[in-house]
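Q: Below you will find the structure I want to go over with you.
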Amino acid sequence: MTLRGVGVSPGRVCAPAFVHMPATDTSGEGRHDDGHADVKERRAALATALEASQAALEELIARTTERLDADAAAIFRAHQLMLDDPELADAIDRHLLDGALLPVAIERASEEMAALLHALPDEYLRERAADVLDVARRLLVRLGYVESLQLPGPGHPPVVLVAHDLAPSDTLALTPEVITGVVTEVGTRTSHAAILARQLGIPAVVGVEGLLAAVTDGHPIAIDGTAGECDPRPSAAKADQYAAATITVEVRRGRARTSDGVDVAVHANTSTPQEVASAVKFGADGVGLYRTEFLFHAGCALDDEEEQAEAYSAAVAAAADRRPMTFRTMDIGGDKPLAALPMDHEVNPFLGVRGVRLSLRRPKLFETQLRALVRVASAGGGIRVMVPMVSGLDELEGVKQILAGIPDADHVALGTMIEVPSAAVMIDEVLQEVDFVSVGTNDLTQYMLATDRTNARLEHLYDEVHPGVLRVLDAIVAAGQRQGKPVGLCGEVAADLRAVPLLVGMGFRSLSVAPPLVPHVKRHLSELSLAPAEELAAAVRAARTTAAVNALLSTFAEQEMS
Amino acid sequence: MTDHITERTEPMQSTQDVTVRNELGLHARPAARFVEEAKRFQADVQVHAGEKGGNAKSLISVLSLGVSKDTDIRIVASGADAEEAVAGLVDLLRSLEDEAPAEASS
């Protein structure tokens with residue numbers, strides 16, 4: 001029996017299912033005897049639990065800022081304030097004085113507070129009711145009244161994690177040695193679970209309807225993150241075949257070479273020096289995208305050139321052996337705001353002040369960042385600097401003017417992301433002004449198709465291999481070849497192993513993916529030859545629909561495997 | 001922020017009416033910052049918006065007021081540092097308002 005979903009992280013695996021159920025109510029013992037004699041004891045137990053929960057959240061925030069984005073960290077900061085909320089505390093105390101047992105008091109009080117928010121007309125505020133309940137759940141877990149949602153940690157035999165959905169805090173707790181795959185009932189390519197699974201390099205399928213009803217906890221489940229399928233009752237043969245696929249792919253150093261001798265560089269997308277080190281470990285040829293905004297989310301001052309230069313040097317040092325590094329200047333915007341840089345609310349942040357638009361509105365801060373990068377380059381870093389969200393030559397001109405005021409600015413190679421359709425259409429002119437470009441297929445696709453990539457209801461429309469998007473990619477590669485300038489690609493499509501032959505056939509010779517995917521992409525490339533890849537690209541060029549392109553890619557992948 | 005009238009009802013109490021001008025109102029991060037500011041003071045601080053009122057030190061209460069941009073609110077503090085508390089919160093609202101347009105200053 002095969003259930004279909006959306007493959008969001010490639011690879012096949014078969015392991016016992018670990019079904020992750022959301023916490024239920026405080027049934028059982030706690031309702032009749034909470035282990036405390038009187039209100040005084042209950043208050044003391046509550047105070048201890050509050051303190052421990054605060055400390056745990058503090059740690060989670062520190063880890064989140066490092067590993068995910070500031071938005072996720074902001075959610076947990078709000079949780080901290082809620083744990084410490086005097087009205088919630090009063091309500092709990094009121095119930096305790098009324099004679100309620102501790103878990104009942106916490107439950108009732110949090111439900112009352114959540115109801116206040118749930119009654120509001122504003123959708124954002126209504127959703128905060130869930131946060132109040134999540135905070136109460138943390139307390140109940142801490143007090144031992146609700147079974148803890150511990151995921152299997154180090155030492156546990158390998159499992160495939162099965163869940164309705166994963167919360168940000170759940171995904172952070174995943175241990176890749178133990179969680180060999182993830183499958184969820186809901187979710188999209190851009191949900192937390194999907195992004196993290198790709199970062200960890202474990203196969204994942206999301207949006208599998210009827211999953212929990214079909215899965216038995218502890219029974220082997222086979223998942224195929226490339227095809228977007230899972231099988232909760234695999235045959236013995238299939239289970240063996242998928243389990244064998246679990247074996248880690250060998251890490252290859254040096255450029256991947258197709259069987260007929262075409263070199264393709266496989267770089268990594270990273271955000272921290274630790275990730276750069278991990279990329280090196282996975283055999284990346286360099287860093288194709290270093291997201292500098294993570295530094296600021298982690299608290300580095302936007303106006304501190306010294307601190308930034310140190311941080312960039314640390315990343316360069318982590319890259320070891322002078323692997324090429326491409327730093328993307330701060331990509332901050334309404335959808336991923338920075339606490340230190342508050343912004344007006346925007347109705348449509350994806351079309352708002354972000355990337356280079358923000359940088360040019362805050363030229364002093366932008367100059368500080370560029371100066372720090374130039375310093376690293378001058379000290380022998382040999383780095384490339386790439387500007388996000390450029391829509392055309394006017395913005396490039398603005399960037400160049402600022403660079404012109406910085407001594408030794410010619411030590412850095414300047415490039416742009418190609419993610420705004422107008423820049424893609426004007427690729428010839430853009431290339432004349434820069435040293436290189438890198439195509440950000442995630443945003444380019446979203447903007448070309450006018451499809452919010454975080455909207456699950458539009459999942460069927462958002463596809464990087466839409467013929468219109470591919471036609472533009474073709475034009476970009478051709479322009480790069482004409483002008484002899486490097487064209488890289490750093491979007492999620494490069495992580496789709498089905499799409500790799502197509503990209504190579506189109507002429508891409510530099511791909512950048514999440515660090516753990518580097519060995520997968522390299523192995524795939526080494527098994528590929530250019531001629532069939534070019535034939536695939538030619539066939540895809542003639543395809544008129546996204547479905548037709550996907551059919552060609554799947555057929556090609558099956559032929560390759562056989 | 002206009003129309004603010006400071007009145008002293010009793011020695012330990014301070015009240016001020018202000019209009020919330022920043023884009024997000026008291027949602028999300030601005031609400032969290034407002035609550036964090038209120039907590040710096042000993043005084044009991046209440047916020048009123050329309051018919052609703054709540055504890056300024058409670059994020060849940062502040063969020064439940066549903067204060068959006070251009071809402072008139074009244075801040076009432078009582079306690080030893082009541083005046084400082086009101087002044088601090090009014091300053092914070094003003095800075096929230098200033099920070100956002102700093103964006104548009106160039």
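Q: Please go through segment A:511-527 and give me each residue that is at pLDDT 85 or above and under 13 Å from the mean Cα position of the chain (by Cα), ordered by number.
A: Listed by number, the list holds a single entry, A:VAL513.
Q: Might you check whether a residue that is of a type in the set (Gly, Ala, Ser), over 25 Å from B:LEU24 (Cβ atoms), surrounded by fewer than 22 Cβ atoms within 10 Å (Cβ to Cβ) and out of contact with any Leu (no Cβ under 8 Å at 6 or more places or on another chain) occurs anywhere in segment A:318-335? Quick ask: steps written out before the conclusion?
A: Taking segment A:318-335 and keeping what is of a type in the set (Gly, Ala, Ser), we get A:318-320, A:333-334.
Applying the additional criterion that residues be over 25 Å from B:LEU24 (Cβ atoms) yields A:318-320.
Then drop every residue that is not surrounded by fewer than 22 Cβ atoms within 10 Å (Cβ to Cβ), which leaves A:318, A:320.
Filter once more, so that each one left must be out of contact with any Leu (no Cβ under 8 Å at 6 or more places or on another chain): A:318, A:320.
Looking through segment A:318-335, at least one residue is of a type in the set (Gly, Ala, Ser), over 25 Å from B:LEU24 (Cβ atoms), surrounded by fewer than 22 Cβ atoms within 10 Å (Cβ to Cβ) and out of contact with any Leu (no Cβ under 8 Å at 6 or more places or on another chain).
Q: Also: Looking at (1) modelled with pLDDT of 80 or more; (2) under 30 Å from B:ALA28 (Cβ atoms); (3) not hydrophobic (A, V, I, L, M, F, W, C), which is the only condition A:PRO168 fails?
A: (1)
Q: Still on this structure, please answer the following. Any residue at all in segment A:43-62 that's of a type in the set (S, T, N, Q) and either at pLDDT 90 or above or in a strand (DSSP E or B) (or both)? Even if it seems obvious, please write down each step before you answer.
A: Narrowing segment A:43-62 to residues of a type in the set (S, T, N, Q): A:48, A:53-54.
Pick out the ones that are also either at pLDDT 90 or above or in a strand (DSSP E or B) (or both) and you get A:48.
Checked segment A:43-62: at least one residue is of a type in the set (S, T, N, Q) and either at pLDDT 90 or above or in a strand (DSSP E or B) (or both).
Q: Is it the case that some residue within segment A:467-479 is farther than 25 Å from A:GLN369 by Cα, of a type in the set (D, E, K, R) and surrounded by fewer than 18 Cβ atoms within 10 Å (Cβ to Cβ)? Quick ask: steps written out before the conclusion?
A: Let us first name the residues in segment A:467-479 that are farther than 25 Å from A:GLN369 by Cα, namely A:467-479.
Within this subset, residues satisfying the condition of being of a type in the set (D, E, K, R) are A:471, A:474.
Next, only the ones that are surrounded by fewer than 18 Cβ atoms within 10 Å (Cβ to Cβ) stay: A:471, A:474.
The answer is yes; a qualifying residue exists.
Q: Which one is surrounded by the fewest Cβ atoms within 10 Å (Cβ to Cβ) among residues in segment A:344-363 that are modelled with pLDDT of 90 or more and not in a helix (DSSP H, G or I)?
A: That would be A:GLY352.
Q: Looking for something of a type outside the set (Gly, Ala, Ser), over 30 Å from A:ALA277 (Cα atoms) and assigned to a helix (DSSP H, G or I) - is there at least one such residue anywhere in segment A:511-533? Before you say what the answer is, go through the steps one by one.
A: Going residue by residue through segment A:511-533, those that are of a type outside the set (Gly, Ala, Ser) are A:511, A:513, A:515-525, A:527-528, A:530, A:532.
From the residues that got through so far, the ones that are over 30 Å from A:ALA277 (Cα atoms) too are A:530, A:532.
From what is left, the residues that are assigned to a helix (DSSP H, G or I) are A:530, A:532.
Looking through segment A:511-533, at least one residue is of a type outside the set (Gly, Ala, Ser), over 30 Å from A:ALA277 (Cα atoms) and assigned to a helix (DSSP H, G or I).
Q: Could you count how many residues in segment B:9-48 are within 23 Å of B:ASP81 (Cβ to Cβ) and either assigned to a strand (DSSP E or B) or of a type outside the set (D, E, K, R) (or both)?
A: We begin by selecting, within segment B:9-48, every residue within 23 Å of B:ASP81 (Cβ to Cβ); these are B:9-18, B:20, B:26, B:30-48.
Filter once more, so that each one left must be either assigned to a strand (DSSP E or B) or of a type outside the set (D, E, K, R) (or both): B:9, B:11-18, B:20, B:26, B:30-32, B:34-35, B:38, B:41-48.
Result for segment B:9-48: 25.
Q: Taking A:PHE350, is it away from every other protein chain (no Cβ under 13 Å), within 20 Å of A:PRO486 (Cβ to Cβ), among the aromatic types (Phe, Trp, Tyr) and out of contact with any helix residue (DSSP H, G or I) (no Cβ under 6 Å at 6 or more places or on another chain)? So that I can check it myself, show each step before the final result.
A: Details: away from every other protein chain (no Cβ under 13 Å): yes; within 20 Å of A:PRO486 (Cβ to Cβ): no; among the aromatic types (Phe, Trp, Tyr): yes; out of contact with any helix residue (DSSP H, G or I) (no Cβ under 6 Å at 6 or more places or on another chain): yes.
Taking the combined requirement at face value, the residue does not satisfy it.
Q: If you don't mind, there's one more thing I want to ask. Hey, any hits in segment A:320-333 for a residue that's over 16 Å from A:ALA372 (Cα atoms) and within 13 Å of chain B (Cβ to nearest Cβ)?
A: Taking every residue of segment A:320-333 in turn, at least one turns out to be over 16 Å from A:ALA372 (Cα atoms) and within 13 Å of chain B (Cβ to nearest Cβ).
Q: How about segment A:102-128: which of its residues are among the hydrophobic types (A, V, I, L, M, F, W, C) and in contact with a Phe, Trp or Tyr (Cβ under 9 Å, 6 or more places away or on another chain)?
A: Restricting attention to segment A:102-128, the residues satisfying the condition of being among the hydrophobic types (A, V, I, L, M, F, W, C) are A:102, A:104-106, A:109, A:113-117, A:119-120, A:125.
Residues satisfying the conditions are A:LEU102, A:ILE106.
Q: Turning to a different aspect of this structure: So B:ASP91 passes all but one of these: (1) more than 24 Å from A:GLY352 (Cβ to Cβ); (2) in contact (Cβ under 8 Å) with a residue 12 or more places away in the chain; (3) within 12 Å of the chain's Cα centre (by Cα); (4) more than 10 Å from chain A (Cβ to nearest Cβ). Which condition number does it fail?
A: So the condition that B:ASP91 fails would be (2).
Q: Right, another one. Checking A:GLU107 against (1) more than 11 Å from chain B (Cβ to nearest Cβ); (2) surrounded by 18 or more Cβ atoms within 10 Å (Cβ to Cβ); (3) without any contact (Cβ under 8 Å) to a residue 12 or more places away in the chain: exactly one of these is not met. Which one?
A: Unmet for A:GLU107, out of (1) more than 11 Å from chain B (Cβ to nearest Cβ); (2) surrounded by 18 or more Cβ atoms within 10 Å (Cβ to Cβ); (3) without any contact (Cβ under 8 Å) to a residue 12 or more places away in the chain: (3).
Q: Right, another one. When only residues in segment A:75-104 that are part of a helix (DSSP H, G or I), farther than 14 Å from A:LEU139 by Cβ and out of contact with any Ser or Thr (no Cβ under 7 Å at 6 or more places or on another chain) count, which is farthest from the other protein chains (Cβ to nearest Cβ)? Write out each step before concluding.
A: At the first step, the residues of segment A:75-104 found to be part of a helix (DSSP H, G or I) are A:75-83, A:86-97, A:102-104.
Keeping just the survivors that are farther than 14 Å from A:LEU139 by Cβ gives A:75-78, A:81, A:86-87, A:90, A:94, A:97.
Adding the requirement that they be out of contact with any Ser or Thr (no Cβ under 7 Å at 6 or more places or on another chain) leaves A:75, A:77-78, A:81, A:90, A:94, A:97.
Numbers: A:ILE75: 10, A:ARG77: 6, A:ALA78: 6, A:LEU81: 4, A:ASP90: 9, A:ARG94: 14, A:LEU97: 19 Å.
That would be A:LEU97.
Q: Quick check, is A:SER422 assigned to a helix (DSSP H, G or I), within 12 Å of chain B (Cβ to nearest Cβ) and under 28 Å from the mean Cα position of the chain (by Cα)?
A: Details: assigned to a helix (DSSP H, G or I): yes; within 12 Å of chain B (Cβ to nearest Cβ): no; under 28 Å from the mean Cα position of the chain (by Cα): yes.
Spelling it out, it is not the case that A:SER422 is assigned to a helix (DSSP H, G or I), within 12 Å of chain B (Cβ to nearest Cβ) and under 28 Å from the mean Cα position of the chain (by Cα).
Q: For B:PRO30, only one of the following conditions fails: (1) modelled with pLDDT under 90; (2) over 24 Å from A:ASP131 (Cβ atoms). What is its number?
A: So B:PRO30 meets the others, but not (2).
Q: As an exercise: evaluate A:SER359 against (1) away from chain B (no Cβ under 14 Å); (2) touching a strand residue (DSSP E or B) at 6+ places or on another chain (Cβ under 8 Å); (3) hydroxyl-bearing (Ser, Thr, Tyr) and give the number of the one condition it does not meet.
A: If we test A:SER359 against (1) away from chain B (no Cβ under 14 Å); (2) touching a strand residue (DSSP E or B) at 6+ places or on another chain (Cβ under 8 Å); (3) hydroxyl-bearing (Ser, Thr, Tyr), just (1) comes out false.
Q: If the requirement is being of a type in the set (D, E, K, R) and over 20 Å from A:GLY228 (Cβ atoms), which of these qualifies: A:GLU558, A:GLU464, A:GLU459, A:GLU535?
A: Details: A:GLU558 fails: over 20 Å from A:GLY228 (Cβ atoms); A:GLU464 fails: over 20 Å from A:GLY228 (Cβ atoms); A:GLU459 fails: over 20 Å from A:GLY228 (Cβ atoms).
Result of the check over A:GLU558, A:GLU464, A:GLU459, A:GLU535: A:GLU535.
Q: Same structure again: If I filter segment A:180-188 for residues that are at pLDDT below 75, surrounded by fewer than 19 Cβ atoms within 10 Å (Cβ to Cβ) and not small (Gly, Ala, Ser), do I get at least one hit? Please lay out each step first, then the result.
A: Taking segment A:180-188 first, the residues at pLDDT below 75 are A:188.
After this cut, where a residue has to be surrounded by fewer than 19 Cβ atoms within 10 Å (Cβ to Cβ) as well, the list is none.
Scanning segment A:180-188, I find no residue that is at pLDDT below 75, surrounded by fewer than 19 Cβ atoms within 10 Å (Cβ to Cβ) and not small (Gly, Ala, Ser), so the answer is no.
Q: Next question, about the same structure. Quick one: in segment B:34-69, which of the residues that are modelled with pLDDT under 90 and either more than 22 Å from A:HIS118 (Cα to Cα) or more than 10 Å from chain A (Cβ to nearest Cβ) (or both) is surrounded by the fewest Cβ atoms within 10 Å (Cβ to Cβ)?
A: It comes out as B:GLU51.
Q: Also, quick follow-up: May I ask you to verify whether B:ALA87 is farther than 18 Å from A:ARG126 by Cα, surrounded by 24 or more Cβ atoms within 10 Å (Cβ to Cβ) and out of contact with any Asp or Glu (no Cβ under 7 Å at 6 or more places or on another chain)? It would help to see each step written out before you state the result.
A: Details: farther than 18 Å from A:ARG126 by Cα: yes; surrounded by 24 or more Cβ atoms within 10 Å (Cβ to Cβ): no; out of contact with any Asp or Glu (no Cβ under 7 Å at 6 or more places or on another chain): yes.
It is false that B:ALA87 is farther than 18 Å from A:ARG126 by Cα, surrounded by 24 or more Cβ atoms within 10 Å (Cβ to Cβ) and out of contact with any Asp or Glu (no Cβ under 7 Å at 6 or more places or on another chain).
The values are calculated or read from the model by the stated rules, or taken from the named source; none is laboratory data. Owing to the predicted nature of the structure, the values given are computational and were not obtained by experimental measurement. Backbone-built Cβ (ideal geometry, glycine too); neighbour counts: all protein chains shown.
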